[in-house]
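*Asks:* Encoded as structure tokens, here's the structure I'll be asking about.
All of the numbers you see were taken from the coordinates with simple rules; none came from a lab. Everything numeric in this text was worked out from a predicted model, so none of it was measured. Virtual Cβ from ideal backbone geometry, glycine too; neighbours counted across all protein chains shown.
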Amino acid sequence: MPTEASRSPLILSISWGRMEIEGLAAGKDFTLHPGGGRPWDWSETGTQHSPGIQPGDVEEILAHGATTVVLSRGMQRQLQVDPRTHDLLNERGITVHEAETTEAVKIYNDLAANGVAVAGLFHSTC
């Protein structure tokens, strides 16, 4: 079982445009990983709804030891996942869950609560 400092933070609440994360200030979009997380700034990697989540978005969370990744597609599934991101995760042998945001939160929290080294990218609007 991971230590308190290395486990993935739980998502306490999700609503349109707002997420509350254990140990972090409330915000809109988050990148979470074993040991913590931060607001997800799409401009850092050039992420847009299409082509979607970039390989650079997942590099950081993998660096924190994640063996499972949850990718939220947005509340209306408007956020895509770049095929290069799928390729990277497959090459690294990472288990991937991809879902609408509220479902992605349930998947992530269940895995985190059970001690899985889970990471995730969460988009709280469209």
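*Asks:* Looking at Leu62, Leu79, Leu71, which is the one that is surrounded by fewer than 19 Cβ atoms within 10 Å (Cβ to Cβ), in contact with a helix residue (DSSP H, G or I) (Cβ under 9 Å, 6 or more places away or on another chain) and aliphatic (A, V, I, L, M)?
*Replies:* Leu62
*Asks:* Same structure, new question: I need the full set of residues from the range 69-125 which are acidic (Asp, Glu) and assigned to a helix (DSSP H, G or I), in order please.
*Replies:* Scanning the range 69-125 gives Asp87, Glu91, Glu103, Asp110.
*Asks:* Sticking with this structure for a sec: Among (1) in contact with a strand residue (DSSP E or B) (Cβ under 7 Å, 6 or more places away or on another chain); (2) without any contact (Cβ under 8 Å) to a residue 60 or more places away in the chain; (3) over 12 Å from His123 (Cα atoms); (4) of a type in the set (Val, Ile, Thr), which single condition is Val58 missing?
*Replies:* The failed condition is (2).
*Asks:* Pairs only if they're at least six apart or on different chains, beta carbon under 6 angstrom, first in the range 32-46 and on the phi > 0 side of the Ramachandran plot, second outside any strand (DSSP E or B) and hydroxyl-bearing (Ser, Thr, Tyr); list them, first residue then second.
*Replies:* Gly35/Ser6
*Asks:* Go through the residues of the range 5-15 one by one and say whether even a single one is small (Gly, Ala, Ser), outside any loop (DSSP other than H, G, I, E, B), surrounded by fewer than 17 Cβ atoms within 10 Å (Cβ to Cβ) and touching a residue at least 40 places away in the same chain (Cβ under 8 Å).
*Replies:* yes
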